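The values are calculated or read from the model by the stated rules, or taken from the named source; none is laboratory data. The shown structure was predicted, so the numbers you read here are calculated from the model rather than taken from an experiment. Cβ: placed from backbone, ideal geometry, glycine included. Neighbour counts: every protein chain shown. Ligands, DNA and RNA are excluded from the accessible area calculation, which covers all protein heavy atoms including side chains. Shrake-Rupley method; radii C 1.70, N 1.55, O 1.52, S 1.80 Å.
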Amino acid sequence: MRMSLRRSDSDRHSRLAPLLLRGAVGGTLIAHGVKHARSLQGTAGWFGSIGFRQPRLQAISSAVVEVGAGSALLAGAATPVAAAAGIGTMAVAARSVHVRNGFFITAEGWEYVANLAVASAVLAGIGPGRLSVDRALGWDRWLHGERALAGAAVVGLGAAAAQLATFYTEPQS
């Protein structure tokens, strides 16, 4: 008797795993964006204090990008594009705040933002799953896999690098 290493259709087309991952990552991004939007003045002050020029623009942009990307991930809509926005946002956070503090989030380290960025990249790679806007529109046939993951990572990291180069200056200790 020959064993097959081929996954069953139910494994290949999981409904629950991508939906749970989209909910966790998308919901977290939405929550952060809403928090930023509800306190734009405070968020702008914080962006200024960590070295960003045009802090009000940064506060508004972070709220819009996080709510937008989070909503798209939650819905499974244009998943690699939304994942790229999540990756970029977390890369900016890592570079501007967290990397200098080590790994652990308990010391403001980068573990949390890295996990959100990696989870976003994974969503781009595995696709949004069956219960998604991308599936309903037929986009999931070509918006997944290693190319989508790599594309989301390159676009997200490139956007982060551009934002940091344009608006960020390392604060003096």
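Here are some notes:
- Using only alpha-carbon positions in region 39-112, the gyration tensor eigenvalues give semi-axes of 22, 18, 9 Å once each is multiplied by 5 and square-rooted (largest first).
- Average projected area [Cα convex hull, the chain], square nanometres: 11.8 nm²
- Measure of compaction for region 12-72 (Cα Rg per 2.2 N^0.38 Å): 1.38
- Phi-derived couplings, Karplus 6.51 cos²θ - 1.76 cosθ + 1.60 at θ = phi - 60°, listed residue by residue for region 24-39: 5, 6, x, x, 5, 5, 4, 4, 5, x, 5, 4, 5, 5, 6, 9 Hz, with x used for Gly and Pro.
- Accessible-area ranking of His32, His98, largest first, probe 1.4 Å: His32, His98
- Residue range of the chain that is longest and free of chymotrypsin sites (Phe, Trp or Tyr not before Pro) which are both DSSP loop and sparsely packed (at most 14 other C-beta within 10 Å): 1-102
- Taken along the Cα-to-beta-carbon direction at a fixed 7 Å, the label points for Glu170 and Val99 span 0.9 nm.
- Loop GluC sites (Glu not before Pro), region 77-161, which have at most 13 other Cβ atoms in a 10 Å radius of their Cβ (DSSP): Glu108
- Within the assembled protein chains, the solvent-accessible surface assigned to Ile87 is about 10 Å², based on a 1.4 Å probe.
- Between helix 146-167 and the chain: long-axis angle, C-alpha atoms, 0 to 90°, nearest 10: 10 degrees
- Spatial offset of region 56-84 relative to region 10-54 amounts to 7 Å, using the alpha carbon center of each.
- For the chain, size of Cβ-based charge dipole, Lys and Arg +1, Asp and Glu -1, in debye: 380 debye
- Secondary-structure-derived ellipticity at 222 nm for the chain, considering helices only, amounts to -22000 deg cm²/dmol, per-run term -39500 (n - 2.57) for DSSP H runs with n ≥ 4.
- For the chain, the longest principal axis of the alpha carbon atoms and the long axis of helix 79-93 meet at an angle near 30°.
- For region 33-173, the relative contact order is 27 percent, taking Cα pairs closer than 8 Å that sit 6 or more residues apart in sequence and dividing their mean separation by the residue count.
- Whole-Hz couplings from phi, Karplus 6.51/-1.76/1.60, listed for region 95-101; x for Gly and Pro: 5, 7, 10, 8, 4, 5, 9
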